[in-house]
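The values are calculated or read from the model by the stated rules, or taken from the named source; none is laboratory data. Computed from a prediction, not measured in an experiment: that's the story for all the values here. Using ideal geometry, Cβ is built from the backbone for each residue, glycine included, and neighbour counts are taken over all protein chains shown. Surface accessibility is based on the protein's heavy atoms, side chains included, excluding ligands, DNA and RNA. Shrake-Rupley method; radii C 1.70, N 1.55, O 1.52, S 1.80 Å.
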Amino acid sequence: MMTTPANNITGTQNEEQQLRLLRARREMYARAKTFLVAQLILTLAVPVAGAIFALFVPTLRPYVALAAILITVFDVTYLDRTQRRILKSSARIQEEFDCNTLELPWDQFTVGRRLEPETIHEAASKFARKKDDSSIRDWYPTAVAEVPLELARIICQRTNLWYDSKLRRHYGAIVLSVGVALVVVLAFSGLFAGITVAEFVVNLGAPAAPVLIWTLREFLRQRDTADQLDYLRGEAESLWDKAIAGTCSPDVCSAQSRKFQNAIFTRRATSPLIFDAVYWMQRPDLEGQMNEGAAHMVAKARSAIAPIKPPVDSKFGDARLGGPGKTK
């Protein structure tokens, strides 16, 4: 027997207009990652390779050190800034998707203007030529269709915050491990070449500085972002407790959800990127856990809002409800 959904989230999120936004968002995010790859090549691969090569060709050492400094300047002044600009555009597209799907008003003060439709069309079309929609359908758990909109919003937002935090903590650990491994490689290269500590600092330390700076910066940024996401998730869970307890009216819950959405947008627009390989590696486990968490919250909400039957008087039965009442 078919039941009517308590809200339109699961249907709206798979409409063509909404999928078009997700296609554009994925394409924009991919472009930002292109600049991240360029950053890694220039700030990690080139300096490390140059440093190791210079061990065996000492005359190249000053040039390798100079190149490392120039790469750092180029990264800060162009690559990083361009990546952030594209990332903000991606966040604005995702914000439009969320506002449409979760039925939230657009907050121009926080988010700015919506992205131009021509830009969205161009990005969405480019994505569609390369991939299908299998990875963007059912963006939010389908279980949320069973609860009222004000509760479903909180579940979706809480799920978003949980998922992003878990993914970033995994990624930060990987980045830190890579950084430590690179330091070990350089140290063993110096020992193998038989250089002194002073020579190691000048000839290997300076060229490798961009590598160490990037890995440490990336680890700390991912960890700090995850901490902020966990704090917001805690606040969303507090709102959830009030909502299912009946101490938060639908209007108040909706207003609070708009505030959470502002925080989510800010995190999307400013948080460091994550490589696709890490995302796809973690996705099966995280999505399974995410759906299970959403289903648990839906079950709890349905139990809390289920109609409560008045107690039956032992003598008069249901007479208080207008029924015939039973007597011995």
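Some observations on this one:
- Using only side-chain charges placed at the Cβ, +1 for Lys and Arg and -1 for Asp and Glu, the dipole size of segment 1-46 relative to its Cα centre rounds to 180 debye.
- Rounded to the nearest 20 debye, dipole of the chain from Cβ charges on Lys, Arg, Asp, Glu: 220
- For the chain, the solvent-accessible area of protein heavy atoms averages 54 Å² per residue (probe radius 1.4 Å; ligands and nucleic acids excluded).
- Carbon/sulfur fraction of accessible area - segment 65-191, other protein chains in place, 1.4 Å, %: 61
- Once Cα Rg over 2.2 N^0.38 Å is calculated for the structure shown, the corresponding label among (1) 1.34; (2) 1.08; (3) 1.45 turns out to be (1).
- Potential extension, Ile69-Val184 segment - 0.36 nm per residue separation minus Cα distance: 39.2 nm
- Solvent-accessible area of Val178 with every protein chain in place, 1.4 Å probe, in Å² to the nearest 10: 70
- The chain - percent relative contact order, Cα under 8 Å, separation 6 or more: 28
- For the set Lys166/Lys259; Lys131/Lys300; Lys88/Lys166; Lys166/Lys300, the pairs lying more than 32 angstrom apart at their alpha carbons are Lys131/Lys300.
- Estimated purely from DSSP H runs of n ≥ 4, each contributing -39500 (n - 2.57), the mean residue ellipticity at 222 nm for the chain is -24500 deg cm²/dmol once divided by its residues.
- Farthest toward positive dipole pole in the chain [+1 Lys/Arg, -1 Asp/Glu at C-beta], among Leu19, Val147, Ala38: Val147
- Once both labels are positioned 7 Å from their Cα atoms along Cα-to-Cβ, the gap between Asp251 and Arg114 label points is 2.6 nm.
- As a calculated quantity, the FRET efficiency between Asp224 and Ala45 at R0 = 22 Å, using C-beta atoms, amounts to about 0.25.
- Local net charge near Arg23, Cβ-Cβ under 12 Å (Lys/Arg +1, Asp/Glu -1): +3
- The distance between label points at Asp133 and Trp106 comes to 2.2 nm (points 7 Å beyond Cα on the Cα→Cβ vector).
- Among residues other than Asp107 with Cβ under 12 Å from its Cβ, the summed charge is +2 (Lys and Arg +1, Asp and Glu -1).
- Of the DSSP H helices in the chain, those whose Cα atoms cover at least 15 Å axially and whose Kyte score averages -1.0 or more: 16-40, 46-56, 61-74, 117-130, 149-193, 206-245, 250-270, 276-305
- Charges were assigned to the Cβ only: +1 to each Lys and Arg, -1 to each Asp and Glu. The resulting dipole of segment 47-112 about its Cα centre is roughly 520 debye.
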